[in-house]
There are 2 protein chains.
Amino acid sequence: MKKVDNSVSIGTQSLEQLQHLLRQPAVGQVFVLTDSNTVRNCYPLLQRYLPDHTLVEIPAGEEFKTLASCELVWNQLTEKAADRFAVLVNVGGGVVTDLGGFCAATYKRGIRFIQVPTTLLAQVDASVGGKTGIDFQGFKNQIGVFQEPVSVCIDPTFLATLDARQLKSGYAEVVKHWLIADAAAFATQRQEGVLIKDWSPIIQDSVATKQQIVEADPLESGLRKVLNFGHTVGHALESYLLLQAGREILHGEAVAAGMICESWLSAQRGLLSAAELDSIETFLFSVFEKVQFVTMETDAIAELALQDKKNSGSTINCTLLDGIGKALYDQPITVTEIAESLRYYHRL
Amino acid sequence: MKKVDNSVSIGTQSLEQLQHLLRQPAVGQVFVLTDSNTVRNCYPLLQRYLPDHTLVEIPAGEEFKTLASCELVWNQLTEKAADRFAVLVNVGGGVVTDLGGFCAATYKRGIRFIQVPTTLLAQVDASVGGKTGIDFQGFKNQIGVFQEPVSVCIDPTFLATLDARQLKSGYAEVVKHWLIADAAAFATQRQEGVLIKDWSPIIQDSVATKQQIVEADPLESGLRKVLNFGHTVGHALESYLLLQAGREILHGEAVAAGMICESWLSAQRGLLSAAELDSIETFLFSVFEKVQFVTMETDAIAELALQDKKNSGSTINCTLLDGIGKALYDQPITVTEIAESLRYYHRL
């Protein structure tokens, strides 16, 4: 297994690590943030490891990743007169860890926070890298800051609280980390799919890959953009379907489709062999169902890729694969090429 | 004159410096934030130095240093599709520079901002040190982050737009910097009072003093607390009178009274001689009118000092003078002592 930073604890012992951290003398009041799901499904597993604390709950769902929810958290901190020694423990998926991180980073110009991600997606992705934020005016993570938590406690026991679709959604990011940086893991570990008994080593490798990339480029000026693989097309697809009642898909489902499209774009440029493209497609379709759209929609979906935060002006900067296990960032592609890749995906 | 960082430009040439900065190729869209006062009084002086830009205006006054005003700014940035190359220029007093700094530091996890402080208070205090923030639930600067602007442009020409009371309010911070760190300036420069022809050297020394202190302790873990001199009692007085219609006083007026009270506390502990205390009092009363309250109110005012952000639990940590030009932070004092100091001030 790859090594992770000391600040990240992975495995069934990680809640004991949390307990230990919260017992340190420099820790003042403890606040625990959950959403309306994790307060029922996850908080009970955690409770016996926690000292006296104030429980704060926000409604579950991306539609509540808003300033209004932040106000709810800041209100609680203010009412309890939380001072600079207070610690906020965020228990939940990406919405809770991103929003809680932002609230902590901005309350009295910053109190400490600990991430306890409870979905696979948050465990391998959202809780590492120091990105905090909320949605604003329909734009994802439009308002936020970069701030590292003091610790991330990842207990795979929480994954039992997820349904299969949510689990797969997180798994897409695991696969992404293999494709951009770990050819050996892709070769040997993909056979298991999501039918995994012990998630700890898989999560640990995935977190370690992300940490290596983030540490080399904390402010996303270059290398870190490789983490965007699958997301240029994936985000466009996710945004498009989000606006159509009943057609919403999960983030990882969109990213899985996006990775196929962007692998095809990589192959078109001669960066990926036909055999590599085939092995990626075959594997992803063995785990993820095909995302449904019609040919007529491909242009409208592709247009949405122009709005990505990583673009400068009208150029779309995409991350492509340079063989399995290696990625190239800032590869300019056109809206037309994205539409073509979607039509290719549609025909598969 | 003391030296200031390159990022700070002081004098009538500073707007040319701003013009130069905004012409750099790495600068994308430019946004200029004003309030309803500075858009009339200051923006016209600035306009010819600015490239094409979007003007954003918030209502003037501390009561608008709120999340709602932030939303107004974030909305404009979002509507104009500001990307990571955008720069926000904040033109105004402390409310505009603090709030604008916070909006920039959090928009898309941080765009660059330039401070153009237009009040003496903001010029010597609010625009240096990387503190950004807004008020929340009646608490000043409850939500915010530490983030340095890329540049601070201080043009004393703007001071002509201030009335005498506002000018004096900023002058209190100049005096504070002398008392905590610059005995020579206190000895030689106080005779002029606020009847100063060329403010540039005064501002430059004051900014340099603050920078030295902030650089030694950017996150306020120790030394930086000396900047709080006069503010423990001052904030309590300001907060108390703010809640009483028609009795509100300006920040600097409260700090001037607070400096007298805290100098008296320093003298009580043998840290300041009777002659030093007398010279501080005589000078401050030559510039500032006495703040009006009755003896009956001193306990209620003193109680408010307990709520200060810098306290830990029920101890009030105050900054005291160890002779003129030297300060000691984290000096524990009681509510009773604060009430006594207010009664002393009242008798003067």
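The values are calculated or read from the model by the stated rules, or taken from the named source; none is laboratory data. Owing to the predicted nature of the structure, the values given are computational and were not obtained by experimental measurement. Glycine also receives a Cβ, built like all others from the backbone with ideal geometry; neighbour counts cover every protein chain displayed. The accessibility values were calculated without ligands, DNA or RNA, using every heavy atom of the protein model including side chains. Shrake-Rupley method; radii C 1.70, N 1.55, O 1.52, S 1.80 Å.
Within the set A:270, A:325, A:246, the sole residue that is open to solvent by 10 Å² or more (accessible area, probe 1.4 Å), touching a residue at least 60 places away in the same chain (Cβ under 8 Å) and on the phi > 0 side of the Ramachandran plot turns out to be A:325.
Kindly establish whether residue B:54 is assigned by TED's automatic domain parsing to the domain that holds residue B:84 and modelled with pLDDT of 95 or more.
The answer is yes for residue B:54.
Being open to solvent by less than 10 Å² (accessible area, probe 1.4 Å), among the small types (Gly, Ala, Ser) and in contact with a Leu (Cβ under 7 Å, 6 or more places away or on another chain) holds for only one residue in B:82, B:104, B:122, and it is B:104. Identify the residue in the range B:1-45 that is free of Cβ contacts under 8 Å to residues at least 60 places away in the same chain and β-branched (Val, Ile, Thr) and, among all such residues, is farthest from residue B:62 (Cα to Cα). Here the residue is B:30. Within the set of pairs 6+ apart or on separate chains, which have a first residue in the range A:119-136 that is more than 14 Å from chain B (Cβ to nearest Cβ) and hydroxyl-bearing (Ser, Thr, Tyr), a second that is in a loop (DSSP other than H, G, I, E, B) and open to solvent by less than 20 Å² (accessible area, probe 1.4 Å), and C-beta atoms under 9 Å apart? Between residues of the range A:119-136 that are more than 14 Å from chain B (Cβ to nearest Cβ) and hydroxyl-bearing (Ser, Thr, Tyr) and residues that are in a loop (DSSP other than H, G, I, E, B) and open to solvent by less than 20 Å² (accessible area, probe 1.4 Å), the close pairs are A:119/A:93; A:127/A:149.
The lone criterion from (1) touching a helix residue (DSSP H, G or I) at 6+ places or on another chain (Cβ under 8 Å); (2) within 20 Å of residue A:285 (Cα to Cα) left unmet by residue A:183 is number (1). When residues in the range B:107-118 are screened for being within 13 Å of another protein chain (Cβ to nearest Cβ), out of contact with any Gly (no Cβ under 6 Å at 6 or more places or on another chain) and not hydrophobic (A, V, I, L, M, F, W, C), 4 of them pass. Here residue A:221 meets the list (1) of a type in the set (Ser, Thr, Tyr); (2) within 14 Å of chain B (Cβ to nearest Cβ); (3) within 25 Å of residue A:87 (Cβ to Cβ) almost entirely, failing just condition (3). Scanning the range A:171-217 for residues that are surrounded by fewer than 17 Cβ atoms within 10 Å (Cβ to Cβ) and in contact with an Asp or Glu (Cβ under 9 Å, 6 or more places away or on another chain) yields a count of 1. Please verify whether residue A:180 is β-branched (Val, Ile, Thr) and away from chain B (no Cβ under 14 Å), treating the condition exactly as stated. Yes; evaluated as a whole, the condition is true for this residue. Going through (1) over 27 Å from residue A:110 (Cβ atoms); (2) crowded, with 17+ Cβ neighbours inside 10 Å one by one, residue B:251 falls short only on (1).
If a residue has to be among the charged types (D, E, K, R), in contact with a strand residue (DSSP E or B) (Cβ under 7 Å, 6 or more places away or on another chain) and either more than 21 Å from residue A:306 (Cβ to Cβ) or at the interface with chain A (Cβ under 8 Å from one of its Cβ atoms) (or both) to count, how many in the range B:64-85 make the cut? Number of matching residues: 2.
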